[in-house]
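Report on the following structure.
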Amino acid sequence: AGRALEIDADLVAFLTGNPHLPAGVAAGPPPDSDRAAGLLGGTAPQQLIRWLGPGAAPPILVLHGPPGSGRRTVAALLAAGIGSALWMLQGGDTDLLRICRDAFLQHAGLGAVVGDGHAGLGAVAGDDRAGLKRLVELAGTFGLPLFLVSQQPLEPHLFREARLAQVAVPLADQPVREQIWLELLAKVPHAADVEPAALAATYRLTPGRIHDAFWLGREQAWLRSLDGVLTQADLVAGCKAQSSARLGTMARRLTGRPPWEALVLPQDQMEQLGEFCDWVRHRHRVLKEWGFGDGQTRGLGISALFAGGSGTGKTLAAEAVATKLGLDVYRIDLSAVVSKYIGETEKNLAHVFDAAEESHALLFFDEADALFGKRTEVKDAHDRYANIEINYLLQRMEAFDGLTVLATNRVEDLDEAFKRRLSFQISFPMPEQVQRRRIWQVHLPESAPLAPDVDLDFLAARLAVPGGNIRNIALGAAFLAAADGGPISMLHLVRAARREYEKAGRPCTEREFGAYLPLIQRERR
């Protein structure tokens, strides 16, 4: 009678009818049967709920997939299906024994993130493996259903004598993405130009990233206008912010947004680029709705090879295609990807491809022959590891579900196996006279002051150079004119052309420069 007895506060709350979440856990998302059914793909939720029911041992369900794919949403639905709430472990200084006791009393299932860069179990017991082992033991002691969330399947030997199932939660397909956009947009005012179907088709974001993109779009709308009405441009900006989150370390986003009209190519090449865009727009209809993707063991990505000389417009074409599709272009930084250490190049490429699949950005491999070169006869260890890198690239390209453009001016150096896996192979020829004149018009803006003596017909007929050189000449002439304080004249243009010829090691001849040749020769003296 003389002793004081202090009862655990969480236990008092439960006994007095006021149960609450213990420290170290958070409630899972509300169960959503329609959403979870779409996220599970081919696995029926009811089938898993039956499996989670009473059995010889408490169930352990591993839901693996990319971050943001809705793994916790699925776990919450399945827990509700067996009459349990879902408690997600938060890490930190967590008393697992107390949490498991309270979960047993309140008929809750426990969830935990394993890996994914979170503190998760590591903060509970020193490292993920030790923490997981402790959690599995306590869940078995109290008979708790356990829901583990990870990016990859977990090693089965960690769960000996347990009732284990591992289920993939893949990237949500287009109808599920569109439904999520519709649900979010139903809650806020938005403009008539908002197209949920277009957002779902263009940006293959996970459900979690769709929510993030939506809220970023809302912030953009409030910054732009006091009424906060969402527009398509706001949501596209939010989607692109999600797309760039993981690719920034190994690739550089090309900031130029040239319009489709900036492309000056022969009709056949323009038609092929248009078909490339059509494949991207209608991929879901053809591959999913019409069944052309059924039974495919390869990835369903779309790829193109742009082959042509330097300056023929390969990079410009990749940017123009991305502009037309509303995508970002990321040029792969070979200096960041290629490593002298064995295996590191493959790891870096895996990171790039994984991030691109989530982002739905267009991957642009410039100087593609440096990575996608021909395999060689193995004469030493260097040849063997070089071939391993190429073999890995072949396998990863085959499994890739995103958009890829390879550009090269040495198409003969590419491995034939890569060419067979490409959706398109488009040649970029040197422009003819008519095309060169249009390129001159594109690169001499209407706002630029031109002297009356500027003769585009002469420049197009005499200077047989590709579009990249024409751009350099036009820009160089503009700076020369600005320094002289006057409009751009023919003298400025031929002076800039002479510089461009010198860079290329080409002589300036009368056949090309005509009556202007003495002017630039005199100037050189």
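The values are calculated or read from the model by the stated rules, or taken from the named source; none is laboratory data. Remember, it's a predicted structure, so these values are computed and weren't measured experimentally. Every residue, glycine as well, gets a Cβ built from its backbone with ideal geometry; the counts of neighbours run over all protein chains shown. Note: accessible area is taken over every heavy atom of the protein model, side chains too, but ligands, DNA and RNA are not part of it. Shrake-Rupley method; radii C 1.70, N 1.55, O 1.52, S 1.80 Å.
Annotations
- Antiparallel beta bridges, as assigned by DSSP with both residues in the chain, represent about 15 percent of the total such bridges.
- Per DSSP, loop trypsin sites (Lys or Arg not before Pro) in segment 170-263 with at most 12 further Cβ within 10 Å: Lys187
- Cross-link pairs beyond the 32 Å C-alpha cut-off, checked among Lys314/Lys347; Lys288/Lys324; Lys133/Lys288; Lys133/Lys347; Lys187/Lys324: Lys133/Lys288
- Put simply, when 498-511, 268-281 are sorted by average Cβ atoms within 10 angstrom per residue, most first, you get 268-281, 498-511.
- For His190, the shell of other residues with beta-carbons less than 12 Å away shows a net charge of -2, using +1 for Lys and Arg and -1 for Asp and Glu.
- Rounded to whole numbers, the Karplus 3J(HN,Hα) couplings from phi for segment 505-511 are x, 9, x, 8, 10, 5, 4 Hz, using 6.51 cos²θ - 1.76 cosθ + 1.60 with θ = phi - 60°, and x at Gly and Pro.
- Identified option (computed Kirkwood radius over Cα pairs in Å; candidates [x] 27.4; [y] 24.7; [z] 32.0): [x]
- Helix screen, the chain: DSSP H segments with Cα axial length of 24 Å or more and mean Kyte-Doolittle hydropathy at least 0.5 are 467-484.
- Sum of side-chain charges, Cys277 neighbourhood, beta-carbon under 12 Å (Lys, Arg +1; Asp, Glu -1): 0
- Mean accessible surface per residue for the chain, computed with a 1.4 Å probe while every protein chain stays in place, in Å²: 49 Å²
- Options Ala483, Ile210, Ala515, ranked by Cα towards positive dipole end of the chain, top entry (Cβ charges): Ala515
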